[in-house]
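Student: Input: one structure, supplied below.
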Amino acid sequence: MADIVLDKVSKSFPDGTVAVQDVDLEIADGEFVILVGPSGCGKSTTLNMIAGLEDISSGELRIAGQRVNDKAPRDRDIAMVFQSYALYPNMTVRENMAFPLRLAKLDKETIDRKVDEAAKVLELTSLLDRKPANLSGGQRQRVAMGRAIVRQPKAFLMDEPLSNLDAKLRVQMRTVVSRLQKQLGTTTVYVTHDQTEAMTLGDRVVIMRGGAVQQVGPPQELYDHPKNLFVAGFIGSPSMNFLHAAVQDGELHTALGKVPIGDRVRRELESADAPRELILGIRPEHFEDAELVDDDTRRRGMEFEAPVDIVESMGSDKYVYFTVEGEKASAAELEELAADAGAADFAGAGGNLVTRLSAESGVAEGQSRRVWFNLEKIHLFDPANGRNLTLHEGRAAGALAD
Amino acid sequence: MSINATPTGADVAAEETRRPAAVPKQRGGRRKPPLSENKKAERRLGLLLCAPAALVMIAVTAYPIIYSVWLSLQRFDLRFPDQREFIGLENYVTVLTNEFWWTAFGVTMLITVVTVAVELVLGMGLAIIMHRTLIGRGLVRTSALIPYGIVTVVAAFSWRYAWTPGTGYLADLFSDGAPLTERASSLAIIMLAEIWKTTPFMALLLMAGLALVPEDLLKAASTDGATAWQKFTKVMLPVMKPAILVALLFRTLDAFRVFDNIFVLTAGGNETSSVSMLAYNNLIRGLNLGIGSTMSVLIFITVAIIAFVFVKLFGTAAPGSDDGERR
């Protein structure tokens, strides 16, 4: 067990492309850290550099306080789990799990004992004599985990280990991974492109974009206090709504009406180089059917009326899609997020607003509905650089803060 | 938030009963007993589709094989056509008790074993080089394959000139006498020519095997603590085993029938004949159809045994298969 420190670690290829840029990250002993981001953001490259499968172009990587830049993977004492599981097809489950121990030249009894222990933890005991070809995806995945844990390495590195499983099994395995990591207390770095996995698994989440770290923090903090437009849009499902907002006479003109702003945001916007156009972000759960809001709550937000497009009833609550008129919010980050979601060419005209209303709401498709939203939960972003203007000392304070 | 979108068990069951039983459909089809009439018709169609190919095979391979077996059972020398008669296995006794045959057999085996072994090692090296080259990939691969592209007889002649004292640079460099007139050096040169010629072919087959080794597997082995050599022996070789066996089979069968190089380099002098040379000398030059055919049949049997042994090895060689148990 050990801590892992990345000190300005960069990776550039001979053709000049920079895959990872100046990543600073301190992973504490026993911590579960998730690297998440869209494809091509450098998260896997970062993991491979920690594993030693890829050279570090500049910067320093320390495991347990020791510089390991030039050490071969076998000398770093780390175990890795791959998306493809990478089980040795010619070996049985037992041989697969024993492989790292055999290479470490342990005696046969110790190997057998350790493999049996790991197999018991992962419920693989009955499968020990099978070959990987005769296992299901979930079983293979567990064998891959088993091969990683038998050795009690300094750290686990996991490269999208659950991505090849079907949705139901993935949810199940998520808890297995989580429990295992807590049980063993081994430092773990986990790469995924799935923000749900990132939110549910990690102690801390590292959001990457284009080879650079965007924000590091516990999942809830990233959700509540995103540093920039990219983090705000990436975390959360359904994702945050983004609306175009024009600054005019100390108010924000948006598709939802004129939004008042508090002193602190006003001061920010008074400087000469402040943007005249903003992007307003608001999460689906910060909307509510206006009929269901009590007066006390009503004061903290404002209302608008819009035609209901689609209602999706989830039982516990309702996802209601509204069509709102007005200019679309546009920024490089939003385009990238849309492209990653595969929806770049299908955003449609106008704005589709996703809201999450109480199940009691009598909302119906086709009608027009009054909706309340919470001004304290609003985020304002600078479209030029994506910065969250409502963030004060790391906390988001909404548009009204004084 | 997870939403269970799959229909309930009752729905599925109702769906199942509504479906007509006779028509196998996607999910239900697997559990129903196979329709024997359909299967039969399918099998009949399969046989009909194979028939033309099978007929051609019979005409071009089965007939000559049977005819040569028939010839091998007769005393049949074209110089004495009158003495032709059926003599059973007498030709086989003659050949198998003859020292020339056994010398040639030994030479052939020696050439086969040595060349295939050396080719396997060199070919593997070449394959790894071709597989791993990043720059000038096309050029490296093409230049490595040139020897295989040259006609064997042409290449054999250039080797012969190279080893002929006076005209050849290799003879002048490496020996005082005429290396192609002594048995040991002749055999070495024959094997050298064979290896030079067919290593690229071996490399090509092995490269196909290398492509079968997933990159992740090697990465996993690295993090598991394997050295480069351990990665090669414990991960790459087992995964490549089927490809290696195919390559070995092809090359062994080819090598056992070695003819061109010997024919050009020594013409079988100084006891350097292979069994193919011997059969040719008896059959074509000696016009003894009986003895020649007997040798051909013996070569055929040997090749069949080699093939059989290799194919037996294959059966359990495919990685990831538990014996007899497949999904």
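Student: Starting from segment B:233-247, keep only residues that are within 9 Å of chain A (Cβ to nearest Cβ), then list their pairs with residues that are assigned to a helix (DSSP H, G or I) and among the aromatic types (Phe, Trp, Tyr) whose Cβ atoms are within a distance under 8 Å, requiring at least 6 positions of separation or different chains.
Tutor: Listed by first residue and then by second, the contacts come to B:LYS234/A:PHE99.
Student: Out of B:SER186, B:SER222, B:SER158, I need the residue that is part of a helix (DSSP H, G or I), over 31 Å from the mean Cα position of the chain (by Cα) and of a type in the set (Gly, Ala, Ser). Which one?
Tutor: B:SER222
Student: I've got another one for you. Consider only pairs whose beta carbons are under 7 Å apart and that are at least six residues apart or on different chains; among these, list those whose first residue lies in segment B:88-115 and is surrounded by 14 or more Cβ atoms within 10 Å (Cβ to Cβ) and whose second residue is part of a helix (DSSP H, G or I) and of a type in the set (S, T, N, Q).
Tutor: Taking only residues 6 or more apart or on different chains, the pairs are B:ASN91/B:SER72; B:ASN91/B:THR294; B:TYR92/B:THR294; B:VAL95/B:THR294; B:THR112/B:THR252.
Student: Let me ask another. Sort out which residues of segment A:94-139 are within 11 Å of chain B (Cβ to nearest Cβ) and in a helix (DSSP H, G or I), and write them in order of number.
Tutor: Once the filter is applied, which keeps residues that are within 11 Å of chain B (Cβ to nearest Cβ) and in a helix (DSSP H, G or I), segment A:94-139 yields A:GLU95, A:ASN96, A:MET97, A:ALA98, A:PHE99, A:PRO100, A:LEU101, A:ARG102, A:LEU103, A:PRO132, A:ALA133, A:ASN134.
Student: Now for a different question. Within segment A:205-213, is there a residue that is of a type in the set (Gly, Ala, Ser), within 21 Å of A:ASP29 (Cα to Cα), part of a strand (DSSP E or B) and at pLDDT 90 or above? Outline the logic, then answer.
Tutor: From segment A:205-213, those of a type in the set (Gly, Ala, Ser) are A:210-212; that's our starting set.
Among the residues that remain, those that are also within 21 Å of A:ASP29 (Cα to Cα) are: none.
Scanning segment A:205-213, I find no residue that is of a type in the set (Gly, Ala, Ser), within 21 Å of A:ASP29 (Cα to Cα), part of a strand (DSSP E or B) and at pLDDT 90 or above, so the answer is no.
Student: Let me confirm something: among B:THR152, B:THR167, which residue is hydroxyl-bearing (Ser, Thr, Tyr) and at pLDDT below 85? If you could, list the steps in order and put the result at the bottom.
Tutor: Working: B:THR152 fails: at pLDDT below 85.
Result of the check over B:THR152, B:THR167: B:THR167.
Student: Within segment A:295-309, can you find the residues that are loosely packed, with under 13 Cβ neighbours inside 10 Å and assigned to a strand (DSSP E or B)?
Tutor: Of everything in segment A:295-309, just one residue is loosely packed, with under 13 Cβ neighbours inside 10 Å and assigned to a strand (DSSP E or B), namely A:GLU305.
Student: When you check A:LEU61 against the structure, is it modelled with pLDDT of 90 or more, of a type outside the set (S, T, N, Q) and under 23 Å from A:VAL20 (Cβ atoms), yes or no?
Tutor: The answer is yes for A:LEU61.
Student: Could you say whether any residue in segment B:210-220 is more than 14 Å from chain A (Cβ to nearest Cβ), modelled with pLDDT under 90 and more than 26 Å from B:ILE244 (Cβ to Cβ)?
Tutor: Within segment B:210-220 (the criterion being more than 14 Å from chain A (Cβ to nearest Cβ), modelled with pLDDT under 90 and more than 26 Å from B:ILE244 (Cβ to Cβ)), the answer is no, since none of the residues qualifies.
Student: I'd like the full set of residues that are in contact (Cβ under 8 Å) with a residue 12 or more places away in the chain, of a type in the set (S, T, N, Q) and either in a strand (DSSP E or B) or within 13 Å of A:LEU400 (Cβ to Cβ) (or both), limited to segment A:238-290.
Tutor: Those that are in contact (Cβ under 8 Å) with a residue 12 or more places away in the chain, of a type in the set (S, T, N, Q) and either in a strand (DSSP E or B) or within 13 Å of A:LEU400 (Cβ to Cβ) (or both): A:ASN241, A:THR254.
Student: Report yes if some residue within segment A:65-83 is touching a Leu at 6+ places or on another chain (Cβ under 6 Å), part of a loop (DSSP other than H, G, I, E, B) and facing chain B (nearest Cβ under 10 Å); otherwise report no.
Tutor: No - not one qualifying residue is present in segment A:65-83.
Student: So, one more: Restricted to segment A:349-381, and to residues that are more than 22 Å from the chain's Cα centre (by Cα) and farther than 27 Å from A:ASP295 by Cα, which residue is modelled with the highest pLDDT?
Tutor: Checking each candidate, the answer is A:GLY366.
Student: Still on this structure: Looking at segment A:49-64, which of its residues are of a type in the set (A, V, I, L, M, F, W, C) and within 14 Å of another protein chain (Cβ to nearest Cβ)?
Tutor: A:MET49, A:ILE50, A:ALA51, A:LEU53, A:ILE63
Student: How about segment A:3-26: which of its residues are surrounded by 17 or more Cβ atoms within 10 Å (Cβ to Cβ), among the polar types (S, T, N, Q) and farther than 14 Å from A:ASN48 by Cβ?
Tutor: Listed by number, the list holds a single entry, A:GLN21.
Student: Does at least one position in segment B:237-248 carry a residue that is in a helix (DSSP H, G or I), in contact with a strand residue (DSSP E or B) (Cβ under 8 Å, 6 or more places away or on another chain) and either modelled with pLDDT of 90 or more or closer than 24 Å to B:VAL303 by Cβ (or both)?
Tutor: no
Student: Let me ask something else. Need the failing condition index for A:GLY59 against (1) buried (at least 19 other Cβ atoms within 10 Å of the Cβ); (2) part of a strand (DSSP E or B); (3) of a type outside the set (Val, Ile, Thr), just the number.
Tutor: (1)
The values are calculated or read from the model by the stated rules, or taken from the named source; none is laboratory data. For clarity, every value in this text was computed on a predicted model and none was experimentally measured. Glycine also receives a Cβ, built like all others from the backbone with ideal geometry; neighbour counts cover every protein chain displayed.
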